[in-house]
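Notes for the one structure printed next.
The values are calculated or read from the model by the stated rules, or taken from the named source; none is laboratory data. Here the structure is a predicted model, which means the values were calculated and not measured. Backbone-built Cβ (ideal geometry, glycine too); neighbour counts: all protein chains shown.
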Amino acid sequence: MRTWTPEQVARAAGARLVTPAPTTAGPERATIDSRQAGPGALFVGLQGQQEDGGRFAAQALAAGAWGVLTTPQHAEDARCAPPGALLAADDPLKAMQRLATGWRRELNAKVIGVTGSTGKTSTKDLLLALLSPHRRTVASRANYNTEIGLPLEILAAPAGTEVLVLEMAMRGAGQIAELAAVAEPDVGVIVSIGPVHLELLGTIEAIAAAKAELLAALKPGGTAVVPADEPLLEPHLRADLKTVTFGDAGDVRLVRSDDERVEIEARGRPIVLEVPFTQAHLRRNLLPAVAAAQAIGVTPEGRVALELSPGRGQRLALPGGVTLIDDCYNANPMSMRAALEDLAQTAARIGDARPVAVLGDMLELGPRAREYHLELGHEASAAGVELLVTVGPLAGAIGEEFDGELHRTEDAAAAARILPGLIRSGDVVLIKGSRGVGLELVCRTLSATAPAANGAGAGV
């Protein structure tokens, strides 16, 4: 937004410019955290559950912020603050979203929206890796995938950005539609449909409809990238879109794969990629990523320099020969199944490695929550898990159908206390659960105590 004048910023946001900035240039970025509101920043004062951000408008200006966007009352209260643009809007969040849409149009970049019950973050990361060698690409960071985070990511994109890859999360009906209205995607990718957020949406059909809001938002001629084997999405496909399917029977499919390469047939075109990762679910997620890249005119090639977002399956080599798979960002039945498959494959490749799983509650699954956790116990046994630590009251049910060594804990703190004493040298340890369980604590504890691992049964 640096190329815009303060008047243009206000106009795009639908806000009133109470006082102009002491410069003719626009801001470099937007933030909702007054502690990050330094030079070049537009501070947006949002009303939160705990705090009204508009109260910090004057503080942001004192820190050197380019300006603030807040309610009319807070803008008036900040008039006596150090110089800076004061923009007033009755609904600062809506104003920030309008501003993001205006900047998206100014960039004239291709926009790829990515959603799915599982795999959307890794697909977004894969798209960034595939596109960056060919186009100036910006992708959503971490969990910037909500009605607040997504516009912040658009506003952070520098002039000259050619592609925006935006992850879109949802917990209920209408939320994907809200995000898509801000982003105006050219390509909509739905990676998967599965049992997540059932507590709010009730049925798998309702989940599919909520994800399909992304397809409904595409303009005629846009591209929909969807799984080939997902009948739940068929009612939501449109004749005025280019629909590309992926999977075994899809337009984009995996032909062959070895330890270092994959060959993909993408709409009749062979594509060979060098991949530094062996996880089956990541290689599967290459398919929608390749399809989306093709949709904007990019043919991926060469090495895929993938950097996974934090907590999405990163491997950490710890002292004592322990391998930690940090997948603690979130969990649902589909992603748990994929993670256990990855754990089994990783342990097998290492040879004589003991597969260990620390599994937390899968939240928001509705009335069938206990059933899903019981099924996970069967899957953990089938995956060859030898040591299982469950975390939380729901996860306790996993142990009822597990036939290996089992330890139940009430919360992440309890799991962090006992896990170091259970780990042996050479173990492969998967840590995964829903965000609300807070398994990051277990990852940090194991990483900090791993140097003591030196043999079977040794404390870590």
Exercise. Any idea which residue in the stretch 388-415 is surrounded by the most Cβ atoms within 10 Å (Cβ to Cβ), counting only those that are over 26 Å from the mean Cα position of the chain (by Cα) and of a type in the set (Asp, Glu)?
Worked result: Glu401
Exercise. Does any residue of the stretch 432-446 turn out to be under 26 Å from Ala382 (Cα atoms), among the β-branched types (Val, Ile, Thr), modelled with pLDDT of 95 or more and in a strand (DSSP E or B)?
Worked result: no
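Return the only residue of Val196, Val225 being of a type outside the set (Lys, Arg), under 25 Å from Asp251 (Cα atoms) and in contact (Cβ under 8 Å) with a residue 60 or more places away in the chain.
Working: Val196 fails: under 25 Å from Asp251 (Cα atoms).
Step by step, each of Val196, Val225 is checked, and only Val225 is of a type outside the set (Lys, Arg), under 25 Å from Asp251 (Cα atoms) and in contact (Cβ under 8 Å) with a residue 60 or more places away in the chain.
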Problem set entry | Count of the stretch 158-182 residues which are on the phi < 0 side of the Ramachandran plot, surrounded by fewer than 24 Cβ atoms within 10 Å (Cβ to Cβ) and either within 14 Å of the chain's Cα centre (by Cα) or small (Gly, Ala, Ser) (or both) | 8
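Condition check ((1) in contact (Cβ under 8 Å) with a residue 60 or more places away in the chain; (2) farther than 29 Å from Pro319 by Cβ; (3) not hydrophobic (A, V, I, L, M, F, W, C); (4) not in a strand (DSSP E or B)) across all residues:
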| residue | (1), (2), (3), (4) |
| --- | --- |
| Glu371 | no, yes, yes, yes |
| Thr390 | no, no, yes, no |
| Ala416 | no, no, no, yes |
| Gly421 | no, no, yes, yes |
| Val429 | yes, no, no, no |
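A quick yes/no check of all residues on (1) within 25 Å of Leu394 (Cα to Cα); (2) crowded, with 19+ Cβ neighbours inside 10 Å; (3) in contact with an Asp or Glu (Cβ under 7 Å, 6 or more places away or on another chain):
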| site | (1), (2), (3) |
| --- | --- |
| Gln294 | no, yes, no |
| Gly313 | yes, yes, yes |
| Thr323 | no, yes, no |
| Asp327 | yes, yes, no |
| Gly366 | yes, no, yes |
Problem set entry | Inter-residue pairs, beta-carbon under 6 Å, first without any contact (Cβ under 8 Å) to a residue 40 or more places away in the chain and in the stretch 116-145, second hydroxyl-bearing (Ser, Thr, Tyr) and surrounded by fewer than 22 Cβ atoms within 10 Å (Cβ to Cβ), 6+ apart | Arg136/Thr161; Val138/Thr161
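Look through Lys110, Lys120, Lys94, Lys124 and report the one residue that is of a type in the set (D, E, K, R), in contact with a strand residue (DSSP E or B) (Cβ under 6 Å, 6 or more places away or on another chain) and under 30 Å from Glu7 (Cα atoms). If you could, list the steps in order and put the result at the bottom.
Numbers: Lys120 fails: under 30 Å from Glu7 (Cα atoms); Lys94 fails: in contact with a strand residue (DSSP E or B) (Cβ under 6 Å, 6 or more places away or on another chain); Lys124 fails: under 30 Å from Glu7 (Cα atoms).
Step by step, each of Lys110, Lys120, Lys94, Lys124 is checked, and only Lys110 is of a type in the set (D, E, K, R), in contact with a strand residue (DSSP E or B) (Cβ under 6 Å, 6 or more places away or on another chain) and under 30 Å from Glu7 (Cα atoms).
Would it be correct to say that Leu155 is outside the structural domain of Asp33 (by TED's automatic domain parsing) and touching a Phe, Trp or Tyr at 6+ places or on another chain (Cβ under 9 Å)? Even if it seems obvious, please write down each step before you answer.
Details: outside the structural domain of Asp33 (by TED's automatic domain parsing): yes; touching a Phe, Trp or Tyr at 6+ places or on another chain (Cβ under 9 Å): yes.
So Leu155 passes the test.
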For this session: Tell me which residues, restricted to the stretch 392-402, are over 15 Å from Leu340 (Cα atoms) and assigned to a loop (DSSP other than H, G, I, E, B).
Result: Gly392, Pro393, Leu394
Exercise. Restricting to the stretch 60-88, what's the tally of residues that are over 25 Å from Gln49 (Cβ atoms), surrounded by fewer than 24 Cβ atoms within 10 Å (Cβ to Cβ) and not hydrophobic (A, V, I, L, M, F, W, C)?
Worked result: 4
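Any chance the stretch 276-289 includes a residue that's small (Gly, Ala, Ser), assigned by TED's automatic domain parsing to the domain that holds Gly436 and touching a Ser or Thr at 6+ places or on another chain (Cβ under 8 Å)?
Within the stretch 276-289 (the criterion being small (Gly, Ala, Ser), assigned by TED's automatic domain parsing to the domain that holds Gly436 and touching a Ser or Thr at 6+ places or on another chain (Cβ under 8 Å)), the answer is no, since none of the residues qualifies.
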Exercise. What do you reckon, is Ser335 in the same structural domain as Val437 (by TED's automatic domain parsing) and either crowded, with 23+ Cβ neighbours inside 10 Å or small (Gly, Ala, Ser) (or both)?
Worked result: yes
For this session: Determine the pairs where a residue that is under 17 Å from Glu167 (Cβ atoms), located within the stretch 299-328, has a partner that is part of a loop (DSSP other than H, G, I, E, B) and β-branched (Val, Ile, Thr) with Cβ atoms under 9 Å apart, the partner being 6 or more residues away or on another chain.
Result: Leu306/Val275
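Name the single residue that is surrounded by the most Cβ atoms within 10 Å (Cβ to Cβ) among those in the stretch 89-132 being on the phi > 0 side of the Ramachandran plot and not polar (S, T, N, Q). Before the answer, list the steps.
In the first step, residues of the stretch 89-132 are kept if they are on the phi > 0 side of the Ramachandran plot; the result is 108, 116, 119.
Narrowing further to those that are not polar (S, T, N, Q): 116, 119.
Numbers: Gly116: 27, Gly119: 24.
So the residue we want is Gly116.
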For this session: Check whether at least one residue in the stretch 373-387 is touching a residue at least 24 places away in the same chain (Cβ under 8 Å), in a strand (DSSP E or B), within 29 Å of Glu274 (Cα to Cα) and more than 23 Å from the chain's Cα centre (by Cα), and report yes or no.
Result: no
Exercise. Just one of the numbered conditions (1) in a strand (DSSP E or B); (2) over 25 Å from the mean Cα position of the chain (by Cα) is not true of Ala317; which one?
Worked result: (2)
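Yes or no, residue by residue, for (1) charged (D, E, K, R); (2) not assigned by TED's automatic domain parsing to the domain that holds Leu126:
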{"position": "Arg267", "(1), (2)": "yes, no"}
{"position": "Val272", "(1), (2)": "no, no"}
{"position": "Gln294", "(1), (2)": "no, no"}
{"position": "Leu318", "(1), (2)": "no, yes"}
{"position": "Cys328", "(1), (2)": "no, yes"}
{"position": "Ala347", "(1), (2)": "no, yes"}
